[in-house]
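Data block below; observations after.
Bear in mind that the values in this text are calculations on the coordinates, not laboratory data. Owing to the predicted nature of the structure, the values given are computational and were not obtained by experimental measurement. Note that each Cβ is placed from the backbone with ideal geometry, even for glycine, and that neighbours are counted across all protein chains shown.
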Amino acid sequence: MFWFMTFLSANAVANNASDAIEQKQQADFQEISVHTTNLEDGVTGVTGSVYIAASPKHVWAAITDYNNHKYFVPKLIDSGLISDNGREQVMFERGKTDILFFRKTVYIKLSLQGEYPKRLDFRQLEGDFKVYEGKWLLEKAPDGKGTLLTFNARIKPDFFAPAMFVSKVQKHDLPMVLAAMKKRAESSLSAQHLVNTDDLIHTPEQQGLQPVVD
């Protein structure tokens, strides 16, 4: 009987924790919109956008911080920059997804080219997709202060996954990615403000760093 009551109590705690996490995620994602469409030949189109209270250059810094994506983007196991010749960057990511009974670890190597800090196009060079290509768009928000970050892609896995399921995965995972980019860019902006405020009191020589000029 004691074991049964303990089991119920543990389940209640777990459920409460799960509910709290879900509520936190819903709060984080409430300003994030994600839409998917079924395209020809089993390709899924996905578009997601989020308002970020930071300049395009801070948002650009977040989405191109390939070596650190694994530390702040959920479900990423590893990531990094492979090469950069000034015109094209090559990076890789290894991540996992798990929805209900489906668990899958995927690898992708991307070529990226763009126009700083407005647009970043990407396409798969090798990996677990038949089709993986798209772009990040960074636009000044109507308020003149923030940035509207949009992710637009065409996706088709190179493993069995019905388009309906791919759509479900994107609607589940993409908000996490956009929320992570938002948090990273806004945190970077807050850190810059602290540096600039400190610069009013201390000289660069005293603080040992140069403030970022917007």
### Task
With no solvent and one equal point scatterer placed on each C-alpha of the stretch 63-128, evaluate the Debye formula and give log10 I(q)/I(0) for q = 0.12, 0.17, 0.18, 0.27 Å⁻¹, two decimals.
-0.33, -0.63, -0.69, -1.22
#### Entry: Ranked 31, 40, 93, criterion: other C-beta atoms within 10 Å, fewest first
40, 31, 93
### Query
What FRET efficiency comes out for the pair residue 139/residue 183, r = Cβ-Cβ distance, R0 = 22 Å, nearest 0.05?
0.70
#### Entry: Order of 167, 111 - criterion: other Cβ atoms within 10 Å of each residue's Cβ, fewest first
111, 167
### Message
If I model a spin label as a point 7 Å beyond the Cα along the Cα-Cβ vector, how far apart are those points for residue 113 and residue 165 in nm?
### Response
3.5 nm
### Shape box of the stretch 31-185 [Cα atoms, principal axes, largest first, Å]
43, 35, 29
## Note on the structure
Low-density loop trypsin sites (Lys or Arg not before Pro), the stretch 104-134, at most 15 other Cβ within 10 Å, DSSP non-H/G/I/E/B, are 118
